[in-house]
Amino acid sequence: WEFNETSGVISNDAHSTNNGTIVGATINQTGKLDKAYSYDGVGDYINYGNVINLERTGSFSISNWSKRSTLIANATILSKMEGSNNFRGYMLRLNNGYPTVTLRNDNSPSNFTDVSFQSVLPLNVWNHTLITYNGNSNSSGIKCYVNNVEITSKVISGDTLTGTILNNEPLNIGTLNN
């Protein structure tokens, strides 16, 4: 998504096939590459609908630019995850400033992997985060790069992913689920 809108409630993708509905987020003219959305941490997000179904057995990457002005305990960057019961899906968030990736089949103490990369993203500067996953169904297949540097120090919670992470939830930027 280019985030080149000037107003309105629709966030258009480059091909107008995965447009999103903006809820509370505001467009800001001072993005890293073009424009950027600003989220106040209280219900602001963009909902893109049921798109980008990633599975634990396939490789994928997630990339984003972000700039934070405050440290939030658990700030969701992007998620496609069920709420309340199963929490099946995937998510990229900042956990006290640390890039953290979750791949989860259900809400049990097994059948998920959660990796927190031990490099706090600095405040008040643009940071590029790239997550890669090789489809091997465990934490060793997840890598994180911040500003083109691989972060090798990580804390792993759970490493037993055996079930699907596919779901019918919307892909959201800025919130776990709406």
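The values are calculated or read from the model by the stated rules, or taken from the named source; none is laboratory data. Just so it is clear, the structure is predicted and the values come from calculations on it, not from any experiment. Methodologically, a virtual Cβ is constructed for each residue, glycine included, from the backbone with ideal geometry; neighbour enumeration extends over all protein chains shown. Calculation scope for accessible area: heavy atoms of the full protein, side chains included, ligands and nucleic acids excluded. Shrake-Rupley method; radii C 1.70, N 1.55, O 1.52, S 1.80 Å.
At 1.4 Å probe size, what's the solvent-accessible area of Tyr48? Round to the nearest 10 Å².
Ignoring ligands and nucleic acids, Tyr48 comes out at about 10 Å².
Taking the full set of protein chains and a 1.4 angstrom probe, give the accessible area of Val101 in square angstrom, rounded to the nearest 10.
10 Å²
Provide the gained length on full extension for the span Thr152 to Ser59, in nm with one decimal, where the gain is 0.36 nm per separating residue minus the Cα-Cα distance.
On the way: separation 93, 0.36 × 93 = 33.48 nm, distance 1.90 nm.
Once the chain is fully extended between Thr152 and Ser59, it gains 31.6 nm.
What's the Cα-based Rg to Rh of segment 79-178, Rh via Kirkwood? Walk me through the numbers on the way to the answer.
Values: Rg = 13.4 Å, Rh = 13.9 Å.
Value, to two decimals: 0.96.
Describe numerically, in nm with one decimal, the distance between label points set 7 Å from Cα along Cα→Cβ at Thr162 and at Asn107.
The answer from the label model is 2.2 nm.
Going 7 Å from the Cα of Thr132 along its beta-carbon direction, which residues of segment 57-71 have the amide nitrogen within less than 16 Å of the resulting point?
58-64
What are the ³J(HN,Hα) couplings of segment 68-73, residue after residue, when phi is run through the Karplus curve with 6.51, -1.76, 1.60 and θ = phi - 60°? Round to Hz, x for glycine and proline.
With coefficients 6.51, -1.76 and 1.60, one gets 10, 9, 9, 8, 10, 4 Hz.
How much length is gained if the chain between Ser140 and Asn74 is pulled fully straight, taking 0.36 nm per residue apart and subtracting their Cα-Cα distance, in nm to one decimal?
Values: separation 66, 0.36 × 66 = 23.76 nm, distance 2.31 nm.
Answer, rounded to one decimal: 21.5 nm.
Evaluate the chain: find the radius of gyration of its Cα atoms, find its Kirkwood radius, and give the ratio Rg to Rh. Intermediate values should be presented prior to the final figure.
On the way: Rg = 15.6 Å, Rh = 16.5 Å.
Reported Rg/Rh, Kirkwood definition of Rh: 0.95.
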